[in-house]
Amino acid sequence: MEQKYDNYYKNMLQGFCRVNNIYLGLTFEEIEGLVAIDIKNNLENGVNLDCLRIIDFIYRTVTPFDIKYTQTLHLYPNSKRLDKVTVLFDKNDYMLLNKILGDKISN
């Protein structure tokens, strides 16, 4: 992901995963003015609890700053099996989130 800002949120989310022994495919990608965080679900039946923990962490750490995001479920074709969850931020909102976190870190 090419970036021109400090990605404090990515570091914080990856740190949360390390501390909690969460080893899911977690990828960050920048696409046409959006920042996408993909969270891989590796259970064949149901949703991995760690996947839900990451989604909950995002909710609890982003909403206090009034940063908007959307989440999308990706299912395998012709199935009800969950492949991954994508959390999308507008790039400007994501950069604002990183600025807020950077300001809190430097204080």
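Please go through the stretch 40-60 and give me each residue that is in contact (Cβ under 8 Å) with a residue 12 or more places away in the chain and within 17 Å of LEU97 (Cβ to Cβ), ordered by number.
ILE54, ILE55, PHE57, ILE58
Quick grid of which residues meet (1) in contact with a helix residue (DSSP H, G or I) (Cβ under 6 Å, 6 or more places away or on another chain); (2) not aromatic (Phe, Trp, Tyr):
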site: ASN41; (1), (2): yes, yes
site: PHE57; (1), (2): yes, no
site: THR61; (1), (2): no, yes
site: LEU88; (1), (2): no, yes
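Can you find a residue that is of a type in the set (Lys, Arg) and in contact (Cβ under 8 Å) with a residue 60 or more places away in the chain anywhere in the stretch 91-107?
yes
A short reminder: the numbers here are calculations on the coordinates, not readings from a lab. Fair warning: this is a prediction, and the values are worked out from it, not measured in the lab. Because the Cβ atoms are built from the backbone with ideal geometry, glycine has one as well, and the counts that use them run over all protein chains shown.
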